[in-house]
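These notes are about the structure you will find just below.
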Amino acid sequence: MQSMSTTLPQEQLATHSKAQPWIVCFSAALFFFYEFIQMHMFNAVSADLMRDFSIDATQLGNLSAIYFYSNVLFLLFSGVILDRFSTRRVILITLSLCAIGIGTFALTHSLVIAGISRFISGVGSAFCFLSSIRLASRWFPAKRMALVSGLIVTMAMTGGMVAQTPLTFFVELLGWRHALLLDAALGFVFAGIIWTCVRDYPS
């Protein structure tokens, strides 16, 4: 095997169970799943936000867009950061940022703080896709990457589905603030799973 290969040596992979690469990569992909909930959550809470913050549709659009501004901005740096630091550590820090941003958004009555919270969530979410793919490229051989990448993206799209009817149900049942606090708590649950299951490389 060439020394510059981006995948792990087969002798290293052979020392681990066949399930471990899947556990590692799909535990990390929970972050991507979570990010798609945050991306699409305004579909479920827009009417409540307009009422509680006394804003119109244009202001609501601007509030939603803050997430994408920070996401696009930090996508430029996410690859550099992931090349320099532990992927597992980056995931845990950025997922926690995302969850903190959602929790703060749910609690605030200030439009300015809501915007800052949305910005913070966007920063965290900028790392979800590249971190999942980076781990997959280390734990799986190149011939499996198309399948693994497709499954990771499928997880993300499932998160987008959760942000529609299921989140709307919880918003109607609990109110938007409590529903988003549950959303924030889910982020910390996922962080706990990632802390337990994800490792950068086999040892």
Subject >> List T196, T108, ordered by accessible area with a 1.4 Å probe, largest first >> reply: T196, T108
Subject >> Pairwise FRET efficiency - H178 versus I55, Cβ, R0 = 25 Å, nearest 0.05 >> reply: 0.75
**OP:** Could you work out the relative contact order of the chain, using alpha carbon pairs under 8 angstrom and six or more residues apart, expressed as a whole percent?
**Re:** 40
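Accessible area of the stretch 67-140 with a 1.4 Å probe: how many percent of it is carbon plus sulfur?
Carbon and sulfur: 74 percent of the exposed surface of the stretch 67-140.
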Original post:
Arranged from highest to lowest average of other beta-carbon atoms within 10 Å per residue, in what order do the peptides 79-87, 93-101, 64-72 appear?
Top reply: 93-101, 64-72, 79-87
Original post:
Once Rh is set to the Kirkwood radius over Cα pairs, what Stokes-Einstein translational diffusion coefficient, in µm²/s, holds for the chain at a temperature of 25 °C and a viscosity of 0.890 mPa s?
Top reply: 139
Original post:
Using alpha-carbon positions, what is the distance between the centroids of the stretch 174-202 and the stretch 88-141, in Å?
Top reply: 11
Original post:
Measuring with a 1.4 Å probe in the full set of protein chains, what accessible area per residue, in whole Å², belongs to the chain?
Top reply: 50
**OP:** Quickly rank 177-185, 20-28 as a protection proxy: mean count of other C-beta atoms within 10 Å, highest first.
**Re:** 20-28, 177-185
Original post:
Just from its helices, what would the mean residue ellipticity at 222 nm be for the chain, if runs of 4 or more DSSP H residues each count -39500 (n - 2.57) and the sum is divided by every residue, rounded to the nearest 500 deg cm²/dmol?
Top reply: -26000 deg cm²/dmol
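The values are calculated or read from the model by the stated rules, or taken from the named source; none is laboratory data. A quick note: this is a predicted structure, and the numbers were derived from the prediction, not measured. Neighbour counts are summed over all protein chains in view; Cβ atoms, including those assigned to glycine, are modelled from backbone coordinates with ideal geometry. Remember, those area values only see protein heavy atoms, side chains included, never the ligands or the DNA or RNA. Shrake-Rupley method; radii C 1.70, N 1.55, O 1.52, S 1.80 Å.
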